[in-house]
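The values are calculated or read from the model by the stated rules, or taken from the named source; none is laboratory data. Not measured: the values here are computed from a predicted model. Reconstructed Cβ throughout: ideal geometry from the backbone, glycine too, with neighbour counts over all protein chains shown. What goes into the accessible areas is simple: the full protein's heavy atoms, side chains included, and nothing from ligands, DNA or RNA. Shrake-Rupley method; radii C 1.70, N 1.55, O 1.52, S 1.80 Å.
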Amino acid sequence: MKFMMKSPRWLCLGLCIGLWCVYPVFAQTAEQTPTDETAEPSGRNNGKKHYAPRYAYRVETGHNENDTAAGALHLNLDEAVDYALAHNKNLLQTKNDVLKAVYSKREAIANYIPQAKATVDFNTYFNQKMDMGNFGGMPMQIEMPNTSSLNAQVSQVAFNGNAMVGIMLGKIGQAMAEINEENAELTLINTVSMNYHLVLLTKANYDILTRNVNDLKDLVKKTQAMVQAGAMEQTDADQLQVQVNLLENMLKNTERSIELVTNTLKIELGMNVADELVLTESLDDLIASQNDLLLLSLPYEMEADPTYRLVEKNEEMAEKQKLMAIMNFVPTIAGFYQYTYQILKPEFNMQPNHVAGVSATIPIFSGLANTNKHRQARIDLYNAQLQKELVKDQLLTQEKQMRFNLSTALEQYNTQKMNIEVADRVFKSIQLKYEQGVKSSMDLTNANSDYLQAYSDYLAAISQLLEARFNLKRILYF
């Protein structure tokens, strides 16, 4: 139904009522919209506040080509993490998604803000005449002149259930985007930490192979001298040379691996691959940087986990979708005011200058479409609740598994640390006996292989320990 009014007073009253209805939604949304000046803490990020960026990140704002132009970039693990949080391109895209969610919510709010538009039209009838019939036996014709008018209209939605729920959904969408950003930061921190220690492990393996190759080369020279003196056979020197060749081949493969893992780390950091990166932290520093027993004793707060908070928001969004389906049965009320100015007036002008109106759209029957939409939304809500319980069980199981992995990795590390010390003493003893002629080259080669295997197991234990530690720190938000 539609009411036309000669005076805009009733429309002003309707607009005030509409603003009064929607004000609580505006106020709640404004309080929880992060800006550059005010921000809402997100999750358990150690007091860190998340801000909606004022401007979107672009290529020229995401990475400065002169960041490492002055020389090599020297980073310890914490500095590498901070650098990645500022330059990683995937994370910058996630930050842009937060800004996009803010604009999406404001777009929903705009449906409840007064709308204004103006229209200018011009009509010509090509000098045609309107036939008005006969008057006293004389035909009456009126010429139809050109007309032009300016229309200005202001409209305001007083009540629209779908628009109000849309604002709520926009708020939830922004919260989910912020949680996704936090989750992306945690994932990036974990990935950078993994790649950082992987580079150090590969370099440590390269160093031990280099030392071993140099030691064996010295033994080959000594053995060759003893062969010329008749104290040893050529077979002993040849066997050692074969071992040296194998190790040199492994050394070249390890060198290529260092280049690969370093480039991977540079990509995660957001660096140019051509720039030089120097890691200032050692494996020993990483191992000693954390008390694993203290880490194992920390409690797990599932309600603060980004993954769990995401499924909670997903459930909340399903509830609002169900509410939106209910709003399809609720009337929509809107009002408008229009002012018309005749630029070229016709001879008979019946168009009023001021028009105001209020309309109410009442849904009566939609062929059960709205009913079926509501039933679908209700099922989606049930599924969201089931998904939340499933994720809850998965997170609890994951937390227990990560604690077990760290405990096991810590035990294996301590065991392999003792094994490497024993293997080193055995190899040095056999090497000394070989130089004295008591042991053969085959014994020395076997002892060297055992030593390298023990050192490889030791590095693998370090890798498992650090990986288990980083994974548990991520879920504990430590």
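Are any residues in the range 434-455 open to solvent by 80 Å² or more (accessible area, probe 1.4 Å) and assigned to a helix (DSSP H, G or I), and if so, which ones?
Step one: filter the range 434-455 for residues open to solvent by 80 Å² or more (accessible area, probe 1.4 Å), giving 436, 438, 442, 450, 453.
If the condition is that a residue be open to solvent by 80 Å² or more (accessible area, probe 1.4 Å) and assigned to a helix (DSSP H, G or I), then M442, D450, Q453 are the ones that fit.
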* Can you tell me which of L293, L286 is open to solvent by 40 Å² or more (accessible area, probe 1.4 Å), closer than 30 Å to A204 by Cβ and either part of a loop (DSSP other than H, G, I, E, B) or of a type in the set (A, V, I, L, M, F, W, C) (or both)? -> L293
* Asked: When the range 245-299 is examined, which residues are found to be touching a Ser or Thr at 6+ places or on another chain (Cβ under 6 Å) and among the polar types (S, T, N, Q)?
  -> S257
* **Filter result for F126 (open to solvent by 60 Å² or more (accessible area, probe 1.4 Å), part of a strand (DSSP E or B) and aromatic (F, W, Y))** => no
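Could you tell me whether Q387 is modelled with pLDDT of 95 or more, of a type outside the set (K, R) and under 24 Å from the mean Cα position of the chain (by Cα)?
Criteria met by Q387.
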* Have a look at L269, L279 and point out the one that is over 29 Å from I430 (Cβ atoms) and touching a His at 6+ places or on another chain (Cβ under 7 Å). => L269
* Residues of the range 296-315 satisfying the condition of being in a helix (DSSP H, G or I), under 20 Å from E185 (Cα atoms) and of a type in the set (D, E) -> E303, E312
* Asked: Is one or more of the residues making up the range 201-216 part of a helix (DSSP H, G or I), over 30 Å from K117 (Cβ atoms), within 27 Å of the chain's Cα centre (by Cα) and modelled with pLDDT of 95 or more?
  -> no
* Asked: With respect to the numbered conditions (1) buried (at least 19 other Cβ atoms within 10 Å of the Cβ); (2) modelled with pLDDT under 95; (3) not small (G, A, S), which one is the sole condition not fulfilled by V192?
  -> (2)
* Asked: Yes or no: L472 buried (at least 21 other Cβ atoms within 10 Å of the Cβ), within 29 Å of L293 (Cβ to Cβ), touching a residue at least 12 places away in the same chain (Cβ under 8 Å) and among the aliphatic types (A, V, I, L, M)?
  -> yes
* Asked: Could you give every pair whose Cβ atoms fall below 7 Å, whose first residue belongs to the range 251-275 and is within 20 Å of L91 (Cβ to Cβ), and whose second residue is small (G, A, S) and assigned to a helix (DSSP H, G or I), counting only separations of at least 6 or pairs across chains?
  -> E268/A84; L269/A80; L269/A84; G270/A84
* To do: Search the range 437-454 for residues that are within 21 Å of I420 (Cα to Cα) and pair each with any residue that is open to solvent by less than 50 Å² (accessible area, probe 1.4 Å) and among the hydroxyl-bearing types (S, T, Y) when their beta-carbon atoms are under 7 Å apart and the residues are at least 6 apart or on different chains.
  => D443/Y434; L444/Y434
* Asked: If the Cβ limit is 7 Å and pairs must be 6+ apart or interchain, which residue in the range 330-351 that is over 21 Å from Q156 (Cα atoms) and of a type in the set (V, I, T) pairs with which residue that is in a strand (DSSP E or B) and open to solvent by less than 70 Å² (accessible area, probe 1.4 Å)?
  -> I343/S148; I343/S149; I343/L150
* If you take the residues in the range 250-283 that are buried (at least 17 other Cβ atoms within 10 Å of the Cβ) and acidic (D, E), which one is farthest from Y83 (Cα to Cα)? -> E281
* Is it the case that the range 411-419 has a residue that's open to solvent by 30 Å² or more (accessible area, probe 1.4 Å) and over 21 Å from D292 (Cβ atoms)? -> no
* Go through the range 323-352 and give me each residue that's in a loop (DSSP other than H, G, I, E, B) and modelled with pLDDT under 90. => K345, P346, E347, F348, N349, M350, Q351, P352
* Within the group V273, V242, which residue is more than 30 Å from M317 (Cα to Cα), modelled with pLDDT under 95 and not in a helix (DSSP H, G or I)? -> V273
* To do: Considering (1) open to solvent by 50 Å² or more (accessible area, probe 1.4 Å); (2) over 26 Å from Y83 (Cβ atoms); (3) not in a loop (DSSP other than H, G, I, E, B), say which one G230 fails and leave the rest.
  => (3)
* **Test: Y112 is among the hydroxyl-bearing types (S, T, Y), touching a Gly at 6+ places or on another chain (Cβ under 9 Å) and in a loop (DSSP other than H, G, I, E, B)** => yes
